[in-house]
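First comes the structure, then the notes that go with it.
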Amino acid sequence: MSRALKNNVYNTLIWTAAVLSIAILVFLIATLIWKGMGAISVGFLTSASENFGSEGGILYQIIGSLALTLCAAVCSFPIALGVAIYKSEYVKSKVFQNITDTIIYSLNGIPSIIFGIFGLIFFVNILQTGVSWFVGGIILAMMILPTIILASHQAIRSIPNSYRENAQALGLTQWQVIRAVIFPRGINGAFTGLLLGLARAIGETAPIMFIATAFSGVTVPRTFLEPVSSLPTHILALAQQATNPQALQNAWGSSLVLVSLVFIFSISALVRRIQYSKINY
Amino acid sequence: METNTARKINAGIEEEAEVSIKISNLNVFFGVNHILKDLSLDFQKNKVNCIIGPSGSGKSTLLRSINRINDGTEKLKVTGAVHFNEKDILNGVTNLTQLRKDIGMVFQSPCVFPKSILENVIFGIQQHKKLTVSEKQDITEETLKAVSLWPEVMDRLKDSGQSLSIGQQQRLCIARTLATAPKVLLMDEPTSSLDPVTTRVIENLMERLKKRYTIVLVTHNIAQAKRISDQVFFMCNGQLIESGTNDMFFNTPKKEQTKSYLKDETCVCR
């Protein structure tokens, strides 16, 4: 096969793959908008659900989802940033680096339902916390931890060593170098990772359905140990009433809101990434 | 005192020069490689002490041993003594923060932090002590004047330091080092990435700075060493081959290796 022909074949394959991926995404979003827009209204976004979700709005589901993701963010962010800084600045041994990398990648590969089962056994059964949004947030934090660690570690590793040396040559201690040089860069990467992680966490059903959410009858939680309702579990409940057209319509509307929230996190991460890539390290 | 002074013969006139840094039997090993071999030399106060030699001769390693910036490098072992302020700085009790404040270092390529010009100047000093707004302004003005950068940037101190030209960035790095009030300036080929005109600017700066600081300069550039050095140290293969005053070293070198290096920059000591 000639070189020109090979180039054309590969180009066609790559373009086909790209167009197919984009087409699937566009089709999904278009369907969601087409089916879901009918349900969206101010009342839908600001009122409580009624009759197991087939009537009313999704206010408490939005609040529940945001509470879970906020809790996951608060729990995971400092730990992930700390791990990334420790890995890049303190771990000298290549063997230990490889071991920690393997652990982090393995954690990333664990199916989300396993996190849910772990939360159910450890928190709900052993620690007797009961079903609560706080436990759900912790489990989601564990789930998104690798994403944030990897993003911040990558950001820290991209800092040229000359910055560390120049700072040390000015008399800065290792901790001062971390605080003044490494941390500002790492926190940007961690923030990007956090937004990507939250985009994943907000759409998860499996890890939280046994440990953090109730399908109906919940409002705004007043303590750490109360369940919430979330958008993914609400959509699951509505999908089980698919013979009811109103429930199905609400399911599409809830899905559109959920995907919009995912998009907000993803696009914020993209904007953030572009902003900090302009910092000339 | 014998340890604090060194005999210096310059143009037939013998005078005494105060020693700023005294290195005795310094050996540096990296794993099985013997990088610096039993070096003993004195850097004189308020002079430009120039270390020359081919690539891989250990010039930068010597410089980096003086402010112990290589500490923490795996498999690195240093023996011998480096006396500064009458203390051996290689011993375990040395306060590295104070040492590096006293012995500042300027690197080969300017490394300007992604901050404003003002923030770059005070970057080091403000880690050591809390500064008021007026102190920050004063230190910035004083040090930028010392490196002749003030007239060029005085009306744009809040601009990014990285918006400056490479030559200006290198002067900014020198100003940042001066802000920590060092006694010695280690300069590791500070002009290697600069054009000839900017190189002359930095050289003129060194001429002025030596009145207040001891300068230890590593350079590949023999012509530069000839232009600005007071003392010259020629290193090859981790050893000190010859040293002397500028006049002695360039006009009447004693060792064959030195003559060969000055003639065609080849090193025959391996």
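Quick note: the coordinates plus some simple rules give every number you see, no bench work behind them. This structure is a prediction, so every number in the text was calculated from the model and none was measured. So basically every Cβ, Gly included, is an ideal-geometry build from the backbone, and we count neighbours across all protein chains shown.
For peptide B:95-108, compute the average count of partner chain beta-carbon atoms within 10 Å of each residue's beta-carbon.
Averaged over the peptide's residues, the number is 3.
Straight-line reach from residue B:136: which aspartates and glutamates fall under 12 Å, measuring Cα to Cα and dropping same-chain residues less than 8 apart?
Within reach: B:119.
What's the whole-number percent of alpha carbon pairs in the protein assembly as shown lying beyond 40 angstrom?
Counting pairs separated by more than 40 Å, the tail of P(r) holds 46 percent.
Around residue B:177, what is the net charge, scoring Lys/Arg as +1 and Asp/Glu as -1 over all other residues with Cβ under 11 Å from its Cβ?
Combined, the nearby Lys, Arg, Asp and Glu give +4.
Just tell me, in residue order, which DSSP H segments of chain A are both 24 angstrom or longer along the helix axis (alpha-carbon based) and at least 1.0 in mean Kyte-Doolittle hydropathy.
Going by DSSP H runs, the hits are A:3-36, A:59-89, A:133-157.
If you average the sequence gap of Cα pairs under 8 Å that are 6 or more apart and divide by the length of chain B, what percent do you get for the contact order?
Relative contact order comes out at 26 percent.
Could you work out, for the range A:42-277, what percent of all Cα-Cα pairs fall into each 5 Å distance bin, beginning at 0 Å and stopping at the bin that holds the largest distance?
All Cα pairs considered, the percentages come to 1, 7, 13, 15, 16, 14, 11, 9, 6, 4, 3, 1, 1, 0, 0.
Starting from the Cα of residue A:92, draw a straight line to each of the lysines and keep only those under 30 Å, dropping any in the same chain fewer than 8 residues away.
A:278, B:37, B:59, B:75, B:77, B:101, B:115
Please report the net charge: other residues with Cβ closer than 11 Å to the Cβ of residue A:140, K and R +1, D and E -1.
For residues surrounding residue A:140, the net value is 0.
Could you let me know the centre-to-centre spacing of the range B:206-240 and the range A:177-225, using Cα atoms, in angstrom?
56 Å
Using r as the Cβ-Cβ distance of residue B:38 and residue A:66, and R0 as 56 Å, what FRET efficiency do you calculate, to the nearest 0.05?
Efficiency for this residue pair is about 0.25.
Within 10 Å of each Cβ of B:118-128, how many other protein chain Cβ atoms are there on average?
Average neighbour count from other chains, rounded to a whole number: 3.
Relative contact order for chain A using alpha-carbon pairs under 8 Å, separation at least 6, rounded to a whole percent?
28 percent.
Of the residues B:179, B:225, B:146, which exhibits the maximal mean-square fluctuation in a Gaussian network model of chain B defined by a 10 Å Cα contact cut-off?
Maximum fluctuation in the GNM of chain B, among the listed residues, is at B:146.
Please find, in a Gaussian network model of chain A (springs between Cα atoms separated by less than 10 Å), the residue of A:250, A:166, A:125 whose mean-square fluctuation is greatest.
Sorting by GNM fluctuation, first place goes to A:166.
For helix B:166-178, what angle does its Cα long axis make with the longest principal axis of chain B, in degrees from 0 to 90 and rounded to 10?
Value to nearest ten degrees: 90.
Comparing A:85, A:63, A:22, which has the greatest mean-square fluctuation in the GNM of chain A with Cα pairs linked when under 10 Å apart?
Comparing A:85, A:63, A:22 in the GNM, the peak value goes to A:22.
How would you rank A:49-55, A:11-17, highest first, on the average number of other Cβ atoms within 10 Å across their residues?
For the peptides A:49-55, A:11-17, the packing ranking is A:49-55, A:11-17.
Where a Cα-Cα gap under 16 Å defines reach, which lysines qualify for residue B:47, not counting those fewer than 8 residues away within the same chain?
Once the sequence-local lysines are set aside, what remains near residue B:47 is B:8, B:22, B:183, B:210, B:211, B:226.
At a threshold of 8 angstrom on Cα-Cα distance, excluding pairs fewer than six apart, so keeping six or more, what relative contact order does the range B:136-270 reach in percent?
Normalised by residue count, the contact order of the range B:136-270 is 16 percent.
Using helices alone, I'd like the mean residue ellipticity at 222 nm for chain A: each DSSP H run of four-plus residues gives -39500 (n - 2.57), total over residue count, nearest 500.
Helix contribution divided over all residues of chain A: -23500 deg cm²/dmol.
At a Förster distance of 35 Å, what's the computed FRET efficiency of residue A:90 paired with residue A:42, Cβ-Cβ distance as r, to 0.05?
0.10
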